[in-house]
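Worksheet: one structure, shown below.
The values are calculated or read from the model by the stated rules, or taken from the named source; none is laboratory data. Predicted model, so just to flag it, every value in this text is computed and none were measured. Because the Cβ atoms are built from the backbone with ideal geometry, glycine has one as well, and the counts that use them run over all protein chains shown.
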Amino acid sequence: MAQVQTLDISPVGRVEGDLDVRVDIEDGVVVNAWTSAELFRGFEIILRDKDPQAGLVVTPRACGICGASHLTCAAWALDTAWQAEVPRNAIIARNLGQLAESLQSLPRHHYGLFMIDMVNKNYKNSPYYEEAVKRWAPFTGTNYELGVTISGRPVEIYAMLGGQWPHSSYMVPGGVMCSPTLTDVTRSWSILEHFRSNWIEPMWLGCSLERYEEIQTYADFMAWLDEKPEHANSDLGMMWRMACDVGLDKYGKGLDKFISWGYLPHEDKYNKPTIEGRNAAVQMPSGVFDGATCSHQVMDQAVVREDTTHAWYEESGAPHPFDRTTNPISNNAQDFAGKYSWATAVMHAERGHLEAGPLARELVYGGNHMEDWQHRDGLVLDMYKNMGGASVLLRHFARMHEVKYIYRMMERCLREFKLSEPFYVKPKEQDGQGWGATEAIRGALCHWIDVKDGKIKNYQIIAPTTWNVGPRTGEEERGPIEEALIGTPIADAGDPVEVGHVARSYDSCLVCTVHAHDAKTGEELARFKTA
Amino acid sequence: MANLLWLQGGACSGNTMSFLNAEEPSACDLVTDFGINVLWHPSLGMELGDNLQQMLKDCISGSIKLDIFVFEGTVVNAPNGTGEWNRFAGRPMKEWVRELSNVADIVVAIGDCATWGGIPATAPNPSDSEGLQFLKRDHGGFLGKDFKAKIGLPVINIPGCPAHPDWVTQILVAVATGHAGDLAIDEFQRPKTFFQSFTQTGCTRNMHFAYKVSATEFGQRRGCLFYDLGCRGPMTHSPCNRILWNRQSSKTRAGMPCLGCTEPEFPFFDLAPGTVFKTQTVMGVPKDLPAGVDKKGYIKLTAAAKTAAPAWAEEDIFTV
């Protein structure tokens with residue numbers, strides 16, 4: 001007999017609507033899972049027949065956390081469609097805005113969304129629990145309060161470029177609207193320094209950024225952890241040790257196939273942007289990493305497919321986004337044998353579902369498929385090899401590890417501005433197809449635009465959350481989070497914080513209504529909220 | 001101690017993200033210093049207690065007193081008025097919104113989506129979205145034009161896409177400290193203390209506006225964005241240039257035309273081809289003139305302004 005219990009879990013975080021997760025639990029382990037996105041707003045439909053530049057206004061507002069990333073995609077998509085020339089200063093100003101948003105998200109996600117699970121009562125027997133509560137309890141934890149509040153500083157730099165964060169539209173085809181002055185640059189430096197000297201070094205690392213940058217391998221990291229109490233007791237050190245203590249390095253493996261679009265076009269290599277030329281122009285390389293063969297290859301937008309077999313749309317086959325029609329169906333009843341989500345199953349034409357996110361990026365950066373001048377960092381791939389593959393811990397570590405290059409790249413932007421040169425070259429409006437991509441902090445994001453007769457004929461967005469919360473494909477391959485939930489141990493079915501950890505490690509930022517079912521009888525055990 | 005519940009409908013979480021940028025008071029200060037007890041918020045990590053649904057039901061039954069109900073995002077009515085395209089805690093969100101609004105002392109709509117529908121309600125409004133008490137300029141919205149929360153006030157609208165964090169925190173502090181009765185609101189139920197003045201009030205380009213010196217293209221170091229680039233600063237009500245964004249700047253200061261996002265029509269002209277970042281004109285005169293100015297007056301004013309314009313006004317002023 002399945003035991004019927006009420007489960008509860010602290011609800012946290014969402015961005016693009018509600019996510020339902022259904023899990024089947026057998027002998028304390030998740031054996032099957034389904035993810036359903038539960039909100040439809042129809043941005044692609046709103047954009048049809050609108051001004052070609054409407055995406056610059058509308059798409060940042062698709063997501064309050066990743067607005068700069070959407071704007072980046074919208075601008076590059078129009079640049080490629082209009083064959084615009086983009087001056088180097090504008091590329092730098094776009095990159096800087098994108099990076100500022102990402103830097104903001106590190107402490108905000110870490111303290112506001114991820115770490116509060118560590119104060120869950122299920123961990124009260126962990127030797128780290130008392131300290132965790134002191135530091136990370138919502139609102140009152142010492143480091144929660146500082147971390148959440150200081151997360152507002154990096155986007156002050158965004159405001160100098162775009163006037164406000166979130167929801168500016170300062171990136172436009174041909175460049176940017178702003179023309180920063182010397183004081184904007186010096187103020188930005190000061191903000192970066194403040195962020196580093198008040199959070200990154202004293203609280204997050206317990207050492208200088210330079211010392212952290214010396215870490216190249218898993219062995220280096222473990223040596224760093226043991227080197228000084230300041231390292232072990234930093235928020236990074238504490239997070240790592242407690243996560244291992246409660247087993248977050250043991251589950252949440254997922255599909256073991258990853259995608260990154262790469263991002264941050266080099267200021268001198270993408271001034272005449274084309275869809276085909278992008279991979280060779282980005283400082284952070286694109287790629288697909290296949291864990292089964294431990295191999296890398298570059299990623300191409302032409303191989304993207306969207307399968308709607310299990311999604312609430314009336315469209316056949318698995319078309320490329322340029323060929324999508326976005327026909328929602330009215331009846332969105334959850335039918336797990338049929339349609340059960342507003343998210344489509346996004347696929348690589350040959351490889352099926354892929355996982356997007358910081359872990360994907362970092363595994364891609366560990367490859368040898370990129371050009372010499374592009375970013376390479378083997379730490380996370382080395383950890384992956386030494387720790388038995390992906391896990392909740394490695395996924396979250398990869399996100400936070402990015403503070404290293406995000407900070408340095410922001411410094412680089414401030415150095416590289418040539419303030420007396422142009423920030424904008426007026427483009428000629430024309431019909432055409434375009435594609436713009438970036439890496440939002442949460443992963444691979446891109447927009448496709450088709451401009452015809454001076455208006456938008458088709459606009460398509462594939463967000464990192466679309467990749468990760470996607471339902472099964474027509475061939476019944478589970479989506480990334482669905483797959484990552486398989487094998488998750490549930491210590492206390494009354495409070496399955498482990499499911500929350502897996503979902504939050506993907507930073508899907510959705511409130512999930514999790515329906516737990518007994519695998520043998522299918523009887524619903526309980527419902528609870530998580531993200 | 002005031003109990004606050006914050007829910008999101010057809011939302012992007014942008015108002016929450018904006019709110020988290022607040023300082024003095026910060027989101028944490030609101031809780032620790034001003035006695036606001038956040039019963040639940042989608043992103044702020046509060047413990048749920050036993051069960052979210054039970055807590056919501058307790059609010060509705062009155063066993064938990066709901067002092068402030070904050071709603072972010074549109075009320076989604078699709079498909080066919082059922083609201084099933086936005087489900088929350090097991091039922092259409094709109095059903096929760098109706099019941100919670102009826103028991104709350106005060107109801108606050110934050111951001112354009114909750115006030116008048118915002119971007120999701122842009123034609124053809126695929127999700128059949130509306131604001132709590134308006135749909136664009138039409139009074140009524142989801143709760144109806146006669147709706148009043150228990151304290152006797154209609155929905156307090158704090159528009160903007162997103163709303164500035166200080167607009168939100170100041171109103172919450174006013175309510176939590178017993179000053180709700182001092183709130184003066186305009187015809188769109190916006191607090192006058194923020195929305196009586198214009199976006200242009202305090203803009204660093206005001207001298208260029210006065211002398212009709214236009215920024216003709218983006219990226220220029222001088223000029224007003226109203227004449228060519230579609231800026232709506234002179235006819236939009238907001239304090240964006242009095243209370244700066246992220247403590248640093250504003251869109252018009254940075255060089256981005258105001259989109260009028262605190263007004264019910266945002267996005268203007270439904271983003272029809274030819275309307276984005278371009279001033280709409282008839283015979284060279286802007287279709288939408290600065291608030292209260294008529295066409296004849298505008299022509300006289302700008303002719304005089306051009307004649308009087310000093311030479312420096314044509315030179316770069318926001319220089320390196």
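Looking at region A:305-329, which of its residues are within 13 Å of A:THR473 (Cβ to Cβ) and touching a residue at least 12 places away in the same chain (Cβ under 8 Å)? Across region A:305-329, the qualifying residues are A:ARG305, A:GLU306, A:ASP307, A:THR308, A:THR309, A:HIS310, A:ALA311, A:ALA318. The residues listed here are A:GLY443, A:GLY454; of these, the one that is at positive phi, among the small types (Gly, Ala, Ser) and out of contact with any Ser or Thr (no Cβ under 8 Å at 6 or more places or on another chain) is A:GLY454. Among the residues making up region B:12-24, a single one is more than 8 Å from chain A (Cβ to nearest Cβ) and either touching a strand residue (DSSP E or B) at 6+ places or on another chain (Cβ under 7 Å) or modelled with pLDDT of 90 or more (or both): B:PHE19.
Just for region B:167-205: of the residues that are polar (S, T, N, Q) and surrounded by fewer than 16 Cβ atoms within 10 Å (Cβ to Cβ), which one is farthest from B:CYS261 (Cα to Cα)? Let's see the steps before the verdict.
Of region B:167-205, the ones polar (S, T, N, Q) are B:169-170, B:177, B:189, B:193, B:196-197, B:199-201, B:204.
Now restrict to residues that are surrounded by fewer than 16 Cβ atoms within 10 Å (Cβ to Cβ): B:177, B:196, B:204.
Numbers: B:THR177: 29, B:GLN196: 15, B:THR204: 19 Å.
Only one residue fits best here, namely B:THR177.
Looking across region B:260-284, the residues that are loosely packed, with under 12 Cβ neighbours inside 10 Å and under 31 Å from the mean Cα position of the chain (by Cα) come down to B:VAL282, B:GLY284. In the set A:GLU362, A:GLU355, A:GLU350, only one residue is more than 17 Å from the chain's Cα centre (by Cα) and either acidic (Asp, Glu) or within 21 Å of A:SER105 (Cα to Cα) (or both); that residue is A:GLU350. In region B:265-303, the qualifying residues are those that are in contact with a Leu (Cβ under 9 Å, 6 or more places away or on another chain) and closer than 19 Å to A:ASP51 by Cβ, and the one that is farthest from the other protein chains (Cβ to nearest Cβ) is B:THR279.
For region A:162-189, the set of residues classified as within 8 Å of chain B (Cβ to nearest Cβ), out of contact with any strand residue (DSSP E or B) (no Cβ under 6 Å at 6 or more places or on another chain) and of a type outside the set (S, T, N, Q) consists of A:GLY162, A:TRP165, A:PRO166, A:HIS167, A:VAL172, A:VAL176, A:MET177, A:CYS178, A:LEU182, A:ARG187, listed by residue number. Where helices (runs of 4 or more DSSP H) fall wholly inside region A:197-312, the ranges with 1 or more residues that are loosely packed, with under 15 Cβ neighbours inside 10 Å and among the small types (Gly, Ala, Ser) are A:218-227.
Name the residues in region B:267-299 that are in a helix (DSSP H, G or I) and either modelled with pLDDT under 95 or not aromatic (Phe, Trp, Tyr) (or both), would you?
Going residue by residue through region B:267-299, those that are in a helix (DSSP H, G or I) are B:268-271, B:295-299.
B:ASP270, B:LEU271, B:LYS295, B:LYS296, B:GLY297, B:ILE299 - these are the residues of region B:267-299 that are in a helix (DSSP H, G or I) and either modelled with pLDDT under 95 or not aromatic (Phe, Trp, Tyr) (or both).
Listed here are the helices (runs of 4 or more DSSP H) enclosed by region B:30-134 that have at least 3 residues being away from chain A (no Cβ under 14 Å) and either of a type outside the set (Lys, Arg) or without any contact (Cβ under 8 Å) to a residue 40 or more places away in the chain (or both): B:52-61, B:93-103.
Checking A:ILE45 against (1) within 13 Å of chain B (Cβ to nearest Cβ); (2) surrounded by 24 or more Cβ atoms within 10 Å (Cβ to Cβ); (3) part of a helix (DSSP H, G or I): exactly one of these is not met. Which one? Only one criterion in (1) within 13 Å of chain B (Cβ to nearest Cβ); (2) surrounded by 24 or more Cβ atoms within 10 Å (Cβ to Cβ); (3) part of a helix (DSSP H, G or I) is unmet by A:ILE45, namely (2).
Looking only at residues of region A:131-161 that are of a type in the set (Phe, Trp, Tyr) and at the interface with chain B (Cβ under 9 Å from one of its Cβ atoms), we find that the one that is nearest to the chain's Cα centre (by Cα) is A:TYR158.
Among the residues of region A:108-120, is there at least one that is of a type in the set (Ser, Thr, Tyr) and outside any helix (DSSP H, G or I)?
no
Answer yes if at least one residue in region A:53-72 is part of a helix (DSSP H, G or I), over 30 Å from B:ASN77 (Cα atoms) and away from every other protein chain (no Cβ under 11 Å), and no otherwise. Yes, region A:53-72 has at least one match.
Quick check on A:ASP20: is it modelled with pLDDT under 95, more than 18 Å from A:ALA440 (Cβ to Cβ) and at the interface with chain B (Cβ under 9 Å from one of its Cβ atoms)? For A:ASP20, the condition - modelled with pLDDT under 95, more than 18 Å from A:ALA440 (Cβ to Cβ) and at the interface with chain B (Cβ under 9 Å from one of its Cβ atoms) - is met. With respect to B:GLU217, determine if the residue is part of a loop (DSSP other than H, G, I, E, B) and either among the aromatic types (Phe, Trp, Tyr) or closer than 13 Å to A:MET177 by Cβ (or both). Taking the combined requirement at face value, the residue satisfies it.
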